[in-house]
Structure formats: C-alpha cells, structure tokens
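Structure first, then comments.
The values are calculated or read from the model by the stated rules, or taken from the named source; none is laboratory data. Source: prediction; values computed, not measured. Methodologically, a virtual Cβ is constructed for each residue, glycine included, from the backbone with ideal geometry; neighbour enumeration extends over all protein chains shown.
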Amino acid sequence: MTMTTSADINNSATYQLANAPIPKLLRSYAIPAVVATMVNSLYNIVDRMFIGHGVDSLAISGLAITFPILIFLQAFGLLIGVGAASRISILLGQKEHEKAENLLGNAFVLSVLLSVSTIALCMIFLDPLLRSFGASDVTLPYAREYLEIALPGNIFANLCFAYNSVMRASGYPTKAMKTMILGAVLNTILDFVFIFIFDMGIRGAAAATVIAMFVGMCYVMSHFLQQDSLVKLKSRYFKLKKEYVIAIVSIGMAPFAVQFSSSIVSVIFNKVIYTHGGDYGMGAYGIQNSYGMLIVMLMLGVSQGMQPIVGFNYGAGQIDRMKEAFWRSSRANLIIGLVGVALALLIPEVIAKAFTDDPKMIDISADALRLVMWALWGVGFQVSATQFFQSIGHAKKSVFLSISRHAFFLVPILLILPNYIGLTGVWLCFPIADVGAATLSSILIYRFMKRLPTTPTPEI
C-alpha cells in the first residue's frame, strides 16, 4: 500500500478541491455561499422592510433613489473581492502560495484606497447627485439622511465583502458564511432598536447597517491574521505591484462592469420611472428590486460556491471536474429561477405587504412583480456563465457577458418601450433583457466548451 505524503493531503481544503466528488464538493461550498449571499442581501432588504413599516411608505421611494450610489460603491468591493478570490483560487491550484499572499496584501491596499476616494467624492457632491438621480422634494430628505451615515461606513462593507470572498475561495466556506450571518443578525436587531425604540427613522437604518458591517469586517479580517489561515495578510505585501494589481483588476472588472452599468441603468430607470409612475412608482421599483435581488443572490451564491472548484481544477488541469461543477451549478440556478418566477406570479401582494401597508403602493408593486419576474429563470445561466469565465481567468468574456444585459438589451428597450405603454413598458424591459442575455450566454458557453483546451494557460 502506497503512503500519500503530498502537501495537498496535509491541507484538507486543497485536497478536497482536487479529489472530492463534485456533487458533494459543490454542496459544501455552495450552501455556505448561498447563505452568505442571502444574508448579505438581507442588509438592504431588512432596512427597506423596517423603513416601510416604521418610517413611511415613501421613505422606500427615497431609499430607491440611493440605489445608483450604493451600487456604484459596491462595484469597487466586487472589483477587488472577486478579482482577488478568483486569482488566489487559481494560484493555490498551481501551488503558488507566496504569490497568493502577495496578491492578498495588494487587494487590501487597493480596497482601502478605492473606498476612501469614491466615498469622499460622493459625500462632496451628494445633493446634486441625488437630484440628478431623480430625487423629488418629497424623497430627497429621506435619501440624504440615509446616505450621510451609510456612505462613510461603506469602507467597512467593501473590506468585509472582499475578504469574505477570499476566505471562501481559499477553502473556508463555512467560516465565510458565519461572517455574513453575524452581520445580518446584528443589523436586524439594531434596525428594530434604532427605528422602533429610539425613533431614529431612516438614519437608524443606516447606522444599523454601518455598525453591522464594521463588526463583520473585524471578524473576517482577523481570520487572515491567524496561523491556521491558508493565506495570511502580511504587511510586507502591502506595497502595490503592477502584476498583482492587473491580475486582480482584470478579473474583477467583470463584476465591476455589471455593478457600474447597473448604477448607470438605475439612474436612467429612476428618471423614467418617476416620469411614468411618480414617487409611488419609485417605491414599487424598490420593492420589486428587493425581491429580485433576493433570488439573484441565491443564484450568485451557487455560482460563488462553484468558483473555487472551477478555478482550482482549471489551474490544476482537471478539466472534466471543472466542467461538471459548472453544469451542476447551472442546473441549480435554473431551478431557483423557476421557483422565484412562481412566487412572483402567485403571491405578489404577499411579497409587497412585507415592505409596506400602503394599499396603493401594494397594488403598483404587485403589478411590477408580475411583469418583471416572469423571465427570472434565464438570469441564472448568465450568472453562472459570467462567474465561470471569471473563475478561469477569461476576463474579456466575463466582462462582455456582464455588460451585455444592460448595454445590448435593457437600456435600448427602456428608452423606447415606455414611450408607448408607460409604466408597464418599464417593467417589461426586464424580462425581455433577461431572455436576450440568457441566449447570448448560452452561445458563448457552447462555443467555449466545444473548443476548450485540455490544459489551461496561466496568466500570472
């Protein structure tokens, strides 16, 4: 009997990624990732629920005005987090441990620099930005009050997200999940205390989120200072190096492009929705967006669970294992999408009532849910395909897929359809874009898989 003494066996995380059955491995990574992304989405959703019931139904409209700024800032967390996580996963598969730690240190510095600079710019031009994003005299005070507290705390959110992604990619999915649960539970408790007990209104919701993100950041950062971490955060790697910055940004550019384009689209949507639906239309947009985000976060969690498996096995040259992980995650996302569609079509009023007691807001939101969500099943494949190309280092394909939904479908349709059928046209833009993006993703994946080489070409 041959005794195995390789370093991979000594490290259970890398051994499992290379050898464990894919279904079992995908469950072990996807379930914590799904919980983590769901919990992360609850930060915003719980805020909206408490604000809708504890402040005012139109406060949800004010919060919807903040979407473009919040999405824009989150884009930088994704730029660093997804880029670093994907690269580190590949480097660990290639047994380049020192490079992985060097990249981790560069990711920290990049995250801090980008967060501070973007937050400062937003704070300086806050009122003009909100006005340009569609804020009315009614919704501007709500939006301003929320962002005056939420914006400075965004640095905690970006660091928490970025290093949570790396934690999961380096073999600690359960610990990454616990980080997100800790923050979400704390956020929910503080929301209730600040809004209903201390009567702090929308400022209380913002303060609850910032405190929860700070605690989550402290927890996740402490992991990379411990001896048992597979990759450690070391100050000697804080000096930025061109090759690592490019490595992070080239892969992180795909989710960044999605978020950035989402921010631009949100600005356009705010203006078009306000034109055709007023403040109540804005509130309905916020409610349907919350539900859609919850379903998409489920899909993203499955795809993020796939990411370290695909990245590691691609780096190790185990192409069949990489393919199996992708197709299994894609099927799971299809099922999630179909369930999301069914709920939106069958119980839209129930979903809307979770956010508001206002009958008019409930009616408009229910109509939005029925129209927006019927093609949600197609979103899952685009999410899987985009994450797949990120995971294996094919940045151009990933970026192309990331921006396709907005650039090729959503915005062009949005600029035309509402002019003929009003607010209904706004809602129908979403499913039409979802079908188009899913079709494009299918074509790219089919062509890539057909020509896939047997061994990968590393980029760093």
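State whether the residues of region 180-197 include one that is within 21 Å of residue 54 (Cα to Cα), among the acidic types (Asp, Glu) and buried (at least 18 other Cβ atoms within 10 Å of the Cβ). Within region 180-197, one or more residues are within 21 Å of residue 54 (Cα to Cα), among the acidic types (Asp, Glu) and buried (at least 18 other Cβ atoms within 10 Å of the Cβ). Only a single criterion out of (1) over 25 Å from residue 394 (Cβ atoms); (2) of a type in the set (A, V, I, L, M, F, W, C); (3) crowded, with 24+ Cβ neighbours inside 10 Å; (4) over 22 Å from the mean Cα position of the chain (by Cα) is not satisfied by residue 322, namely (1).
Of all residues in region 200-221, those that are basic (Lys, Arg) have Cβ atoms under 8 Å from Cβ atoms of residues that are surrounded by 24 or more Cβ atoms within 10 Å (Cβ to Cβ), 6 or more apart or on another chain, in 203/146. Are any of the residues in region 31-52 modelled with pLDDT of 85 or more, more than 28 Å from residue 389 (Cβ to Cβ), not basic (Lys, Arg) and not in a helix (DSSP H, G or I)? Scanning region 31-52 turns up no residue that is modelled with pLDDT of 85 or more, more than 28 Å from residue 389 (Cβ to Cβ), not basic (Lys, Arg) and not in a helix (DSSP H, G or I). Taking the listed residues 136, 170, the one that is within 24 Å of residue 90 (Cβ to Cβ) and in contact (Cβ under 8 Å) with a residue 60 or more places away in the chain is 170, with no other qualifying. Of everything listed in (1) in contact (Cβ under 8 Å) with a residue 24 or more places away in the chain; (2) in a helix (DSSP H, G or I); (3) more than 19 Å from residue 72 (Cα to Cα), the single unmet condition for residue 185 is (1).
Which is within 30 Å of residue 83 (Cβ to Cβ), in contact with an Asp or Glu (Cβ under 9 Å, 6 or more places away or on another chain) and polar (S, T, N, Q), of 382, 390? Quick ask: steps written out before the conclusion?
On the way: 390 fails: in contact with an Asp or Glu (Cβ under 9 Å, 6 or more places away or on another chain).
Only one candidate passes the filter, namely 382.
Number of residues in region 393-405 that are surrounded by fewer than 24 Cβ atoms within 10 Å (Cβ to Cβ), more than 13 Å from residue 256 (Cβ to Cβ) and not small (Gly, Ala, Ser): the value is 4. Checking each residue in region 244-262 for being hydroxyl-bearing (Ser, Thr, Tyr) and either crowded, with 21+ Cβ neighbours inside 10 Å or under 13 Å from residue 391 (Cα atoms) (or both) picks out 244, 250, 262.
Scanning region 216-242 for residues being in a helix (DSSP H, G or I), in contact with a Leu (Cβ under 9 Å, 6 or more places away or on another chain) and over 29 Å from residue 186 (Cβ atoms) gives a total of 1. Here residue 355 meets the list (1) closer than 23 Å to residue 40 by Cβ; (2) assigned to a helix (DSSP H, G or I) almost entirely, failing just condition (2).
Going residue by residue through region 215-228, is there one that turns out to be β-branched (Val, Ile, Thr), closer than 30 Å to residue 94 by Cα and in contact with a Ser or Thr (Cβ under 8 Å, 6 or more places away or on another chain)?
yes
Sub-6 Å Cβ pairs linking a first residue in region 318-336 that is over 12 Å from residue 383 (Cβ atoms) and touching a residue at least 60 places away in the same chain (Cβ under 8 Å) to a second residue that is assigned to a helix (DSSP H, G or I) and hydroxyl-bearing (Ser, Thr, Tyr), at least 6 apart or interchain, are 322/314, ordered by first then second residue. Put simply, of 289, 333, 270, 313 the only residue that is polar (S, T, N, Q), in a helix (DSSP H, G or I) and touching an Asp or Glu at 6+ places or on another chain (Cβ under 9 Å) is 313. Can you name the residue in region 402-460 that is of a type in the set (D, E, K, R), over 21 Å from the mean Cα position of the chain (by Cα) and in a helix (DSSP H, G or I) and, of all such residues, is modelled with the lowest pLDDT? Once the filter is applied, the top-ranked residue is 450. Does residue 304 satisfy the criteria of being crowded, with 24+ Cβ neighbours inside 10 Å, in contact (Cβ under 8 Å) with a residue 60 or more places away in the chain, within 23 Å of the chain's Cα centre (by Cα) and more than 30 Å from residue 21 (Cα to Cα)? Spelling it out, it is not the case that residue 304 is crowded, with 24+ Cβ neighbours inside 10 Å, in contact (Cβ under 8 Å) with a residue 60 or more places away in the chain, within 23 Å of the chain's Cα centre (by Cα) and more than 30 Å from residue 21 (Cα to Cα).
Evaluated against (1) out of contact with any Asp or Glu (no Cβ under 6 Å at 6 or more places or on another chain); (2) surrounded by fewer than 23 Cβ atoms within 10 Å (Cβ to Cβ); (3) at pLDDT 90 or above, residue 212 falls short on exactly one condition, (2). Please tell me if residue 302 is among the β-branched types (Val, Ile, Thr) and over 30 Å from residue 423 (Cβ atoms). The answer is yes for residue 302.
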